[in-house]
Every structure is written in C-alpha cells, then in structure tokens.
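Here it is: the structure, laid out below.
The values are calculated or read from the model by the stated rules, or taken from the named source; none is laboratory data. Note that the structure is a prediction, hence the values are computed from the model and not measured. A quick note on method: Cβ atoms are made from the backbone with ideal geometry, for glycine too, and the neighbour counts reach across all protein chains shown. Quick note on the areas: whole protein, heavy atoms, side chains included, nothing else; ligands and nucleic acids left out. Shrake-Rupley method; radii C 1.70, N 1.55, O 1.52, S 1.80 Å.
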Amino acid sequence: MENLERIHPNRQVLFFILIAFLSLVHAEPMRFSMLEETESGSYVAHLSKELVLGTGELATRSARVVCDDDKQHLVLDLQTGDLLLREKLDREDLCGPMDPCVLHFQVFLERPVQYFQGELLIQDINDHAPVFPEREVLLKILENSQPGTVFPMKLAEDLDVGSNGIQKYTISPDSHFHVLTRNHSEGKKYPDLVQDKALDREAQAEFSLTLMAVDGGSPPRSGSVLVQILVMDVNDNAPEFVNTPYGVQVLENSPADSPILSVLARDADAGEFGTVSYGLWQASEEIQQTFSINEVTGEIRLKKKLDFEKIKSYHVDLEARDGGGLSGKGTVVIEVVDVNDNAPELTISSLTSSIPEDAPETVVSIFRIRDRDSGDNGKMICSIPDNLPFVLKPTFKNFYTLVTERPLDRESTSQYNITITVSDMGTPRLQTEHSISVQVSDVNDNAPAFTHTSYTLRVRENNGPGLHIGSVSATDRDAGTNAQLTYSLLPPPEPHLALASLVAIDADSGQLFALRPLDYEALQALEFRVGAADRGSPALSSQALVRLLVLDANDNSPFVLYPMQNASAPCTELLPRAAEPGYLLTKVVAVDGDSGQNAWLSYQLLKATEPGLFSVWPHNGEVRTARLLSERDAPKHRLLVLVRDNGEPPLSASVTLHVLLVDGFSQPYLPLPEAAAEQGQGDALTLHLVVALASVSSLFLLCVLAFVAVRLCRRSRAASVSGCAVPQGHFPGHLVDVSGAGTLSHSYQYEVCLTGDSGTGEFNFLKPVLPKLLIEDAGREVKENPNCRNSAVFS
C-alpha cells in the first residue's frame, strides 16, 4: 500500500506535465488538398484564418512551416498569411504507390511557442500510362491443355493510383482465348489468359495476341504487350516448390553478392520435361535491382545493400519452369533486420545567436531530432553539458526547445559554445553532436572602477604651464560603448578654490596637467576628486581622490633681517677694547622663504679688515671676537658676512658690518667719515626739513615702543598660561624686550637711546638679562624701519 501511495503522486505529476506539453499543440490537424503538378507559388490555404490569428500576428510571432521529410515544399507569406506551394509536387515521387498521398507539415509560432499540425492531400492526376515490363511475352501451352485453363500473365505497372490506375485488361479478339482482370491481394489488378477451347498443334502451332492494360483516367491511358503463344507437345507435370512460401531474415548491412537462401522445385516428369530452371516471377524493378536467382541452382543472392529504413520486407515471387514449358510458382518473404547504422539527425528550426545578459528565460533554439532506425536503435536521448546555464525542454514529438536557465552575465562569460548531443539506444550506440554558439550582448551593469581609491602626485614648484603631472586610470568590465570612459574634474567642496585654473584632465586618457606654474610658498598641497563615467545608458560613474603635493625648489635667496642693508646710513657696532675673546659683538639674522634643506642657512666671514680678529659661527650667525684687542688694532673695522642656503644650486646673500672700537660705553660716539659727510649734507637742509625729519622719527619710535609693549603683554600672558611665567620686575620702563624664534641662541634686553642732534639713532648695548625670549618680533620691526636710527642694533 505504501508503494502504491508513492506511485500515485508521481503519476499525477507526469499527467500534469503531459497536459502542459499538449497545450502547446493544436490537437486536430489542419487538412488541405492540392492536385499534383500544380505550379509553384499556387495558393494552398489562408493560415491566418485557419489558425484564428490577427493580421500580421504570423510575422510578429516568427511563424515558419516545416515538412516532415525535411524538404521545404511549402512557403508561408508572413504578410498575407497565405500558405503557398514552393515547387511543383509530384505525387509519385513523394508517395510512390501509397494512396492516399499526404504531406505532413507543422506550423511553429514563437512568443509563446505553439505548434500546429497540418496535412496536405496530394491528389493524383492521370499523368502516367500503364507499362508492361516487356514488349513481347512468349507463352508455351501444351496442346492437351483443357478449355478453361488459366494462364497468369505479367501485370502492367501504372505509377498513378486510385481511379487513375489500371482498371482492366483487354486482349485482341480470338476464338481460343480471352482475358480476365483479377484483383491481387496487394490491391493491384493482374491479367489471366483463359483458354476457351481445345488446341490442336497440328492445326495451329502458335498465336499472336495483343494484351492491353487500360487505366481509369479521363481520358484513359493504355499500354500493350505482344503475347506469342506456342502450342507445345504434352508435358503433364509442372514443377512444384518444396517449401513454399520461404521465409528468411537478412541483416540490412549484409554486403552485396551475399547469398540469402536456395530454393528447390521438383518435376515428376523425366528428361527435358523434368529439367527445372528458376527465375523471378513478375518482379518489380526494385526487386530485380536488389535480388538475383541462379537459374540452375535456385540460389538467391543480394545485388545491392539493403536499407531497413526504406524497405522493411520483400515478397519475391519465384517461377520454376521445366523443359516442357510447365511452371510452378513459389514465394520468398525476406525480412530486413534493422541494425544501428543510422546516427541520430538534428535539424535546427529556430536559432537566436545573441542574448542580452540581463534577459530572463529566453528561447535560444528550437530543433528536431530523428533516428531512421527502429526499436531500441531508434530511441534517442538528447542532452547538453551540465555546467551551462541552459536547459532542454521537450515540446512536441521529437522537438526540443533550448532556453536559458537564468539571466546571463557577460562579464563572467561572453560566449557560450553549446554542444547538443543526441545518442540512440542501439548497440553500438551512435550519436550526433551539434554545436551552437551564443553571444551574450552587453548591458551597462558595471560602474567604472579606479585602479586606486586615491592617487598621490608630486610636482616641483615653478613648473612650466601644461606640464604632465600624472594620470589616473579606471576600468569598466562592460564592453563597447558601455566600457568607453570619460574622465573629468569634480567640483571642489570649497567654492573659493579655482581648481579649473590650476589643474586639467584629459577626458579620454585620464592624464593630469598643471595649467600654470605652482608656488610652494603659496600652495604646498592640493586635494581634489576626479570622476570616470561610462557612455552607457544610463551612464554609471565612480570617483577617486587625488592628492597633489608641491615640492619645494630652491628659488628664494636668503634674506638678511639684521643688519638692514637698505638703510640710508650704515649701522655701526660698538666693541669695547676690553672685550674678552669670544665676546659676542652682534648676530646676523637671516631667513629663507624655502623649506627643508633649502632653508638651512650657514654663515661665513667672507672678508674682514683684520681677518684674525673676528669669527662668525656658521650655524647661528653670531659674530664674536677671536682674540684680545690691542692698541695696534685699527679703531674701525669692516666685515663682509656671507649667508648661504643648502639648496641645489645654493643661493646666498651678503651683509656688511661696521665695527667701531671704543674704550667704554660712556665714551662719546664719534661718527664715521661716511656719517660725517652725510651730516655735512644735512646741515645744508633748511630748518623746516630738519624739524619734519625729527617729527617723523619721533612718531615712528613711539609706534615701535607701543607695538613692542603690546607683544610683550601677549607673550607674558601666554607664558603664564603654559607655566613658564616671566618675572616682570627685571625690565625697566625704558628697556625694550626683543625675543624671537629665529636662529639666535639667546634673548637680549636693550635700551633705546635716540640722539636728536646727530640725525642718527642707535640702541646702547646692555647685557642679556632673560633667556628664551623671541627675536622674531624685533627682526620684523627692524625690517620695517627704513633708517638705522630707528632700528635696533643687536650686539
């Protein structure tokens, strides 16, 4: 019971599948008729009306007509829906003696797939006359033959069928004989010659009669044969076959001239009347071309190879004739045994060579398989490789539909070579393979992808306009226009950044160019985004970050902050004669607008009045005494200091220092000869000019003092916040604190003294009282002062 319950659901599933397949097929075939030999292009039927389809639906659904014999006898006009003859149809070529002659065809429709069966009845016309196998027949009759004896005659062949075939036989009038028309078991009509009265050889030894076969056409056609009758002496025993009918089976692949069997007939007479000869009786042309019989031995042999698929059996009539003219009839039934000698055949009815990659279930091909063998040799199995996204669906009879199992992905596989294998169940198995190539057309389903999410490019400043600074690259897995990329600069998040004036990108290659020279001192780095968009519909895009680093070039010479070189009068450094070796005379302060090693400065004493008296520290620019001063040393010295950076090539600047030896700071300051000359020229000025100059100098000095006081207050507050409080009691009100973050190693405190009558102002030297005060502000203030009298002298 459990097994029955398991089988019952399976039967229901099979029944449901059978109903689904049969729903695609028109149950009742369409039937039409047409006379043979009708001209090509003749109208057969209006298929649109027969199939109840709208105008143009046949073309929309790709209708096609396929005949069972794989020959295109019919053609379908998709515009009018008419079924037309493609060529003249010869009923005898198509069906031979078969009646009725029906041409089976199928009509296929796609989207959705439907099948309709059709039958075209080919009606016979009387276009063939009866034909006897021989023009003359010799008939030997014993003179003792009794009236009423029947003599079978060879029948005529008429390729037409039905009423157009042979209907009767007639013979020329004669008192001794007449002809009877009899029906053969196979439906053919054959003549029998009937003796009407006794023969007398001595009176008449032979007769010449004309046998005529007449068909039933309109008008009727006829054929005739001359019958020569010889009246023979008495032979009262006819040969008889021993085992009639004979039966034999022959393999269809038997070679030509193979023996089939030997027949035997005996005659009771003796002598010449007992000698038997064998022959084929009323054999058709096909049998005569296929078999032969030895007249003496009765051995039957093959004349050509057999083909089970064309003829499955032969009925061969034999005649055994003795020397007296008597004959006996026998039959041999030859069964052709099928062997697996025909490989399966595959015929493509519909083929789609290109499929979009995102298409759902799509019909790729409709095809039919056939094996001309029978039994297990004709049973077939159809299959495709398992690793392909395609499936085979049986539809109608031996028709199959190849469809996609799921949407395809062109980026994974752009082309499929599908091998359809059809094998039979014979021994040995034969198979046929047919390959179908299916191209997967591209759909824009992949966005471009940059090779890197971010790019870092470097360019040295002062580049030439239009310099190629690098490139970005993106790839797209799609093909064709879907993979053609266009590069662009994306708008920066900062609207004030004029990116388009700095950088440009080639839309086709992704190469980046600098549109104008870049200045490291103004712009050290630049970040922007680039986009890559394909040309699909809709277009897909992606982005990447580009970091452009500007590399510094040694394009700025060192700039000397102190002492200033553009003053109207040179500055003079005072050196006590009692100074010890290593005494700090002053410090050359310089800066470089470059960065890195291009901004590393070194100092060198290039020229001096007394070369061995002074030295310049190379790293911080401090000018110190190298030995004790003596009375013999000149009171005035001139030093030329060279400031050089570490770039390639190195750039440099020079500064000139004037040194005046004094006994002490209480000694009146004597102006240099150059200053005296300038003073002499100043005396020539009017009193108004002197007063204006003094007023401007005083105003500038007050501004400097106010600025320094404000900076000191800010720094003292910053120092108290960070825990490094600077004591305020050590600075008198008339002192200026100068501190900075330059190359000075110490901070110093100076007293501001301005002499109003000399036209020159200077700071009198005081020893340093507080470390780690910045000199940057003082250097800036010195740079802004155009006159040395309003500048600070660092010593």
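Considering each residue of region 47-75, count those that are acidic (Asp, Glu) and either in contact with a helix residue (DSSP H, G or I) (Cβ under 6 Å, 6 or more places away or on another chain) or in a loop (DSSP other than H, G, I, E, B) (or both), and give that number.
3
Next up: So which residues in region 93-112 are out of contact with any strand residue (DSSP E or B) (no Cβ under 7 Å at 6 or more places or on another chain) and either crowded, with 17+ Cβ neighbours inside 10 Å or among the aromatic types (Phe, Trp, Tyr) (or both), if there are any at all?
Taking region 93-112 first, the residues out of contact with any strand residue (DSSP E or B) (no Cβ under 7 Å at 6 or more places or on another chain) are 93, 96-99, 109, 111-112.
Selection gives Leu109 alone.
Applying the selection to region 110-152, what residues are farther than 26 Å from Glu36 by Cα, of a type in the set (A, V, I, L, M) and out of contact with any Gly (no Cβ under 8 Å at 6 or more places or on another chain)?
If the condition is that a residue be farther than 26 Å from Glu36 by Cα, of a type in the set (A, V, I, L, M) and out of contact with any Gly (no Cβ under 8 Å at 6 or more places or on another chain), then Val113, Val137, Leu138, Leu139, Val150 are the ones that fit.
May I pose another question? Please work out which residue is farthest from His128 (Cα to Cα), limiting yourself to region 155-187 and to residues that are open to solvent by 50 Å² or more (accessible area, probe 1.4 Å) and among the aliphatic types (A, V, I, L, M).
My answer is Leu180.
Can you tell me which residue within region 288-307, out of those that are open to solvent by less than 20 Å² (accessible area, probe 1.4 Å) and not hydroxyl-bearing (Ser, Thr, Tyr), is nearest to Asn377 (Cα to Cα)? Before you say what the answer is, go through the steps one by one.
Of region 288-307, the ones open to solvent by less than 20 Å² (accessible area, probe 1.4 Å) are 290-291, 298, 300, 302, 306.
Restricting the remaining residues to those that are not hydroxyl-bearing (Ser, Thr, Tyr) gives 291, 298, 300, 302, 306.
Working: Phe291: 26, Gly298: 34, Ile300: 28, Leu302: 24, Leu306: 17 Å.
That would be Leu306.
Could you say which residue among Asp192, Asp200 is in a strand (DSSP E or B) and within 18 Å of His176 (Cα to Cα)?
Asp192
Name the single residue, out of those in region 413-442 being small (Gly, Ala, Ser) and in contact (Cβ under 8 Å) with a residue 60 or more places away in the chain, that is surrounded by the fewest Cβ atoms within 10 Å (Cβ to Cβ).
So, considering only residues that are small (Gly, Ala, Ser) and in contact (Cβ under 8 Å) with a residue 60 or more places away in the chain, the one surrounded by the fewest Cβ atoms within 10 Å (Cβ to Cβ) is Ser437.
Turning to a different aspect of this structure: Take Val391 and tell me if it is β-branched (Val, Ile, Thr), within 28 Å of Gln106 (Cα to Cα), open to solvent by 40 Å² or more (accessible area, probe 1.4 Å) and at pLDDT 90 or above.
It is true that Val391 is β-branched (Val, Ile, Thr), within 28 Å of Gln106 (Cα to Cα), open to solvent by 40 Å² or more (accessible area, probe 1.4 Å) and at pLDDT 90 or above.
Starting from residues that are in a loop (DSSP other than H, G, I, E, B) and among the aliphatic types (A, V, I, L, M), keep the ones in region 81-121 and report whichever is nearest to Ser365 (Cα to Cα).
Checked region 81-121; the qualifying residue nearest to Ser365 (Cα to Cα) is Val113.
So, in region 541-578, of the ones that are surrounded by fewer than 19 Cβ atoms within 10 Å (Cβ to Cβ) and hydroxyl-bearing (Ser, Thr, Tyr), which residue ends up modelled with the lowest pLDDT?
By that ranking, first place goes to Ser568.
Which of the residues belonging to region 122-147 are touching a Leu at 6+ places or on another chain (Cβ under 7 Å), part of a loop (DSSP other than H, G, I, E, B) and farther than 16 Å from Gln195 by Cα?
Answer for region 122-147, where residues must be touching a Leu at 6+ places or on another chain (Cβ under 7 Å), part of a loop (DSSP other than H, G, I, E, B) and farther than 16 Å from Gln195 by Cα: Ile125, His128, Arg135.
Can I ask one more? Mind counting the residues in region 568-591 that are farther than 14 Å from His619 by Cα, in contact with a strand residue (DSSP E or B) (Cβ under 8 Å, 6 or more places away or on another chain) and assigned to a loop (DSSP other than H, G, I, E, B)?
Result for region 568-591: 8.
While we're on this one: I'd like the full set of residues that are of a type outside the set (Ser, Thr, Tyr) and surrounded by fewer than 16 Cβ atoms within 10 Å (Cβ to Cβ), limited to region 636-656.
Answer for region 636-656, where residues must be of a type outside the set (Ser, Thr, Tyr) and surrounded by fewer than 16 Cβ atoms within 10 Å (Cβ to Cβ): Lys636, Arg638, Leu640, Glu648, Pro649, Pro650.
So that you can scan it fast, the table gives a plain yes or no per residue for (1) assigned to a loop (DSSP other than H, G, I, E, B); (2) open to solvent by less than 60 Å² (accessible area, probe 1.4 Å); (3) at pLDDT below 90; (4) of a type outside the set (A, V, I, L, M):
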| position | (1), (2), (3), (4) |
| --- | --- |
| Thr331 | no, yes, no, yes |
| Asp341 | yes, no, yes, yes |
| Ser350 | no, yes, yes, yes |
| Asp358 | yes, no, yes, yes |
| Glu361 | yes, no, yes, yes |
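Looking only at residues that are touching a Leu at 6+ places or on another chain (Cβ under 9 Å) and hydroxyl-bearing (Ser, Thr, Tyr) in region 542-579, which one is farthest from Asn462 (Cα to Cα)?
Residue satisfying both the conditions and the ranking: Thr572.
Working only within region 443-459, note down all residues that are surrounded by 14 or more Cβ atoms within 10 Å (Cβ to Cβ) and either of a type in the set (Lys, Arg) or over 30 Å from the mean Cα position of the chain (by Cα) (or both).
Correct list: Leu457, Val459.
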